[in-house]
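The next block holds one structure in the form of C-alpha cells; read it before the comments.
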Amino acid sequence: MKYVALIWKYVRPVVTPLAFIGVVVASFFFWTPLTSWVEATLAQYRQSGSLGHDHSHGGEHNHDAPKTELPSIHLSGEARKNLGLTSETLLPLKPQTFRRQIVLPSIVATRPGRTELHVATPLTGLVTHVHAVEGETVSPGTTLFKIRLTHEDLVQAQTDYLRVLGEREVEVRELERLTKRFSESAVVPERTVLEHEYARDKLDALIAAQEEALKLHGLSERQVQEIQENRRLLSDLRLVAPQLDEHDESDELRLSNSLSSPEQVAFVAPNGVQATEETSPLLAVEKMLVAKGKAVAAGENLCTLADYSRLFIEADAFEQDAPLILESLKQKWPISAVRLNGNDGETLSDLAIVYIDSEVDRESRSLHVYLDLKNEILNDRTNDEGQRFVTWKYRPGQRFQLLVPVEEWTDVLVVPIDAVVREGANAYVFRQNGNSFRQTPVHIRYRDQRYAVIESSDKLPVGSIVAQSSAHQLYMAIQNASGGGVDPHAGHNH
C-alpha cells in the first residue's frame, strides 16, 4: 500500500485530465442518440394520449386517440399536367350501370374455307409465265399464270372436234347445192339428198358428244364456242384469281389461241356489276409454289391466296363458363377485346359472338368461342412494276384478351383501376378539393383489369370529384412529403 500510494501520487496529475477528456468524448457520441430516443418516445406517448394522465382515476379522462386528418397534397398547375390530371380525368362520381366481365384468352384466327384459297391447274401443261409474286395483293380476275397445254388427250380431242366441224360444213354446203339444183327443176335423186341429210345429222350428234368431252377435260361452254368460231386449238391456259363466294367457273381460267393477241380479262361480280376497289376483295399471294418453266399436272396447286379483310377472334373458355357466355349471347351484351403486346392496350368494342364450338377440346378441356373481326388496311402502296402490296392491321396469331359481360349491376360507383391504389388491406382514391388531393379510403366491391366498383361513404359521397388516373403517383408524392418510407411497389398490380 505504501508503494501504491507513492505511485498514485505521481500518476494522478496525468490520469485526471485524461479521464475528463474521455467523459467529454463519450458524451459527444452517446448524448445525441440518447436525446433523440427520448424525444421520439415522448412524441409516441403524446400521440397515444397516455402521457400526462393519472391512470389511478378510472373513467375521468378520455382515452380515445385524437382524430387525425386524412393525408393530402397540394399540386401546382404544372404538377397536375405532368400527372395527366385534367378536366378529362377529374370527374365526379355518378351512379351508373356496370357489367361484370370474365376474361378469356384469345387469338386472331383465319376463317376456314374463306380466308385461304388454293389455285390449282385443271389441265396438264408447262408454266410459261408467272404474273404474280409472293406477297403481292391482287383482285379477283387478275391473271396469275399462263400455261402451255401439253395434255395429249385434250389436244387430240380439240383436233377431232375441229375435223368433225369441217366435215359438217362440207355436208351443209353439199346440201345447199343439191337443194338449189332441186329448186331449179334439175334432175337430183331424192335419195341423194336424204343421204346427205342423214350424214349431217350424224355429224351434229358427234359434235355434241365431242363438246361434252371437251367440257369434261376442263373447258367451259364459252371456250368450246371459241374453238368453233375461230377454228383454232386453244393451247394456252390463263389462270386468274377467283371470286370468293359465288362465281362462274369460266371466270377462274382463260384459254386462248397462241396465235391470237392475248385478251384483257375483266372480272364481273356475281351481281353483274363491273368489279371495283369497293366491291372486289383483296387477295394476298401467300405462297408461290411454281416457277416459270415448271411442268404441272392436272390438279396441282400453283399458289395460295388469302383474304384478310375479315378474320375470327378465337377465344378459349372453361367448360363451366359456357352458361355465362350463353347468357351474354342471349342478352346481346357487347363484347370487348384488349390487344396484348401492341398499340398500348388497344381495345376493340361492340364485338359479337358468331358461334360457340359444339365440342370441348379433349386436351385443353376448353371451349372455343368465335367472334367476327373486320380488318383494316394500314398501308397500301404500288411499286414501279405495278405490283400492289397491302399491310393489314390484324394478322392471324395476334393475341387478345376477350372481355365477356356476364352480370349487370345498376346504380354503382365505377372508377378506372388506375384511380385506386392499394396499401396492404387498404385501398384509397384521391378526392380533389381545389388544388389539393386528399387520400380517401374506400371499400372495393369488385375489381378487374380495367375498372373497380367502390362504395360511397361520408368521406366520399356521390358527386365527389376523384382523380381517374395517376393514383400511384399521388400516393408516392404524399408519402415523400410526410417523410415516411415509401415502398415503390405499393399500389401496383403485378
With the first residue restricted to segment 440-457 and required to be assigned by TED's automatic domain parsing to the domain that holds residue 346 and over 11 Å from residue 428 (Cβ atoms), and the second required to be of a type in the set (S, T, N, Q) and at pLDDT below 90, Cβ contacts under 7 Å at 6 or more apart or on different chains are none
Output the number of residues of segment 423-450 satisfying the condition of being of a type outside the set (S, T, N, Q), in contact with a strand residue (DSSP E or B) (Cβ under 8 Å, 6 or more places away or on another chain) and farther than 18 Å from residue 80 by Cα. 11
Of residues in segment 316-338 being surrounded by 14 or more Cβ atoms within 10 Å (Cβ to Cβ) and over 17 Å from residue 448 (Cβ atoms), the one modelled with the highest pLDDT: 316
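Yes/no matrix, rows are residues, columns are (1) surrounded by 14 or more Cβ atoms within 10 Å (Cβ to Cβ); (2) modelled with pLDDT under 90; (3) hydroxyl-bearing (Ser, Thr, Tyr):
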site	(1), (2), (3)
240	yes, yes, no
261	no, yes, yes
303	yes, no, no
312	yes, no, no
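Rundown of residues vs (1) surrounded by fewer than 13 Cβ atoms within 10 Å (Cβ to Cβ); (2) of a type outside the set (Val, Ile, Thr); (3) more than 38 Å from the chain's Cα centre (by Cα); (4) part of a strand (DSSP E or B), yes/no style:
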{"position": "457", "(1), (2), (3), (4)": "yes, yes, yes, no"}
{"position": "461", "(1), (2), (3), (4)": "yes, yes, yes, no"}
{"position": "474", "(1), (2), (3), (4)": "no, yes, no, no"}
{"position": "479", "(1), (2), (3), (4)": "no, yes, yes, no"}
Of all residues making up segment 438-448, the number that are surrounded by 16 or more Cβ atoms within 10 Å (Cβ to Cβ) and out of contact with any Ser or Thr (no Cβ under 6 Å at 6 or more places or on another chain): 4
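The values are calculated or read from the model by the stated rules, or taken from the named source; none is laboratory data. No experiment lies behind these values; they were computed from the predicted model shown. All Cβ positions, even for glycine, are placed from backbone atoms using ideal geometry, and neighbour counts span all protein chains on display.
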